[in-house]
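Data block below; observations after.
The values are calculated or read from the model by the stated rules, or taken from the named source; none is laboratory data. Computed from a prediction, not measured in an experiment: that's the story for all the values here. Glycine gets a Cβ as well: all are built from the backbone with ideal geometry, and neighbour counts include every protein chain shown. What goes into the accessible areas is simple: the full protein's heavy atoms, side chains included, and nothing from ligands, DNA or RNA. Shrake-Rupley method; radii C 1.70, N 1.55, O 1.52, S 1.80 Å.
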Amino acid sequence: MNINTDNLIPMKEANQNFSKVARLVDENGAVIILKNNVPRYLVMDFSVAEQAQLAPDEDVAAISERLIRENRKAYEVLAK
């Protein structure tokens, strides 16, 4: 994961100024909240989270189709 240092917010600042966190999420898609100078929480746009959740399913389907296409003869023999 590439991290933009402009999207790092200390926990204290996030607590005191959550509207800044929300604004940064709107502008950049995600913000990382640091706790004791260590990345601890990821705040992201909900639509981005939904897309990230769907991507692995699409990848699995694409991989399955490719494997079937590349190994069709072996699958046909096994099906007999």
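Before moving on, here are some points about what is shown:
- Strands (runs of 3 or more DSSP E) contained in the stretch 1-75 and holding at least 3 residues open to solvent by 60 Å² or more (accessible area, probe 1.4 Å) and at pLDDT 80 or above: 38-44
- A search for C-beta distances below 6 Å between a residue of the stretch 15-37 that is within 22 Å of Glu50 (Cα to Cα) and any residue that is small (Gly, Ala, Ser), counting only pairs 6+ apart in sequence or on different chains, returns Val21/Ala14; Ile33/Ala14.
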